[in-house]
Amino acid sequence: MSSYASLYEALGGADGIRGIVSKFYPKVQAHPLLAPLFPKDIDPVMEKQILFLTQFFGGPSLYSDEYGHPMMRARHLPFPITPERAAAWLECMSAALAESSIPEELRQLTIERLSGPAHHFVNTESDSSIQ
Ligand code: HEM
């Protein structure tokens, strides 16, 4: 990582981010706690996530250029995000990184960076529709 200018570059730049995100969403769609929150047609969500993570990891500001200020917590407010769902989201991402052959140390760093926002997006302590 130390020889890279950003996490974005360390993860493989545009191709790397696209690869990770395309491995991530099938896991989200297969997860019992996460799947019900997402639309069947996941492609538009995937495209937005590619733009967002590119910028979040220090690449070009693709998301803001298209959608303005990210306001990510606000954009997640319509969805009941419990602590369990935040953990599940991070587990899916961790598995997607492992499948993308990202080295362990870099995987840990990436998950550390995402843990802050994931826990920050928690807006519901428990969801009575899930057990
Ligand atoms: C904590 C667990 C999380 C859950 C349960 C969750 C769930 C969701 C859901 C349901 C959507 C809307 C899908 C739709 O358009 O219908 C969404 C959108 C999105 N999420 Fe998350 N999310 C989580 C964490 C994160 C994290 C950690 C990030 C990035 C740091 C992130 C980035 C995004 C982005 C970029 C979008 C698209 C926003 C837009 O509409 O422009 N999410 N998320």
Here is a list: Ala98, Ala87, Ala74. Which entry is over 13 Å from the mean Cα position of the chain (by Cα), more than 28 Å from Gly13 (Cβ to Cβ) and either aromatic (Phe, Trp, Tyr) or surrounded by fewer than 18 Cβ atoms within 10 Å (Cβ to Cβ) (or both)?
Ala74
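Go through the residues of the stretch 116-131 one by one and say whether even a single one is among the hydrophobic types (A, V, I, L, M, F, W, C) and without any contact (Cβ under 8 Å) to a residue 24 or more places away in the chain.
Within the stretch 116-131, none of the residues are among the hydrophobic types (A, V, I, L, M, F, W, C) and without any contact (Cβ under 8 Å) to a residue 24 or more places away in the chain.
Filter the stretch 87-114 down to the residues that are within 11 Å of the ligand (Cβ to nearest atom) and within 18 Å of Val21 (Cβ to Cβ) and list them by number.
Correct list: Ala88, Trp89, Leu90, Glu91, Cys92, Met93, Thr110, Ile111, Arg113, Leu114.
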Meets criteria (under 23 Å from Gly19 (Cβ atoms), within 9 Å of the ligand (Cβ to nearest atom) and loosely packed, with under 13 Cβ neighbours inside 10 Å) for Pro39
yes
Yes/no for Pro78 being out of contact with any helix residue (DSSP H, G or I) (no Cβ under 9 Å at 6 or more places or on another chain), within 10 Å of the ligand (Cβ to nearest atom) and free of Cβ contacts under 8 Å to residues at least 40 places away in the same chain:
yes
Of residues in the stretch 15-35 being of a type outside the set (Phe, Trp, Tyr) and within 11 Å of Leu53 (Cβ to Cβ), the one nearest to the ligand (Cβ to nearest atom):
Val21
Suppose the filter is at pLDDT 95 or above, in contact with a Ser or Thr (Cβ under 6 Å, 6 or more places away or on another chain) and surrounded by 13 or more Cβ atoms within 10 Å (Cβ to Cβ); does Ile17 pass it?
yes
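The values are calculated or read from the model by the stated rules, or taken from the named source; none is laboratory data. Just so you know, these numbers come straight off a predicted model, no measurement behind them. Please note: Cβ atoms are built from the backbone with ideal geometry, for glycine as well, and neighbour counts cover all protein chains shown.
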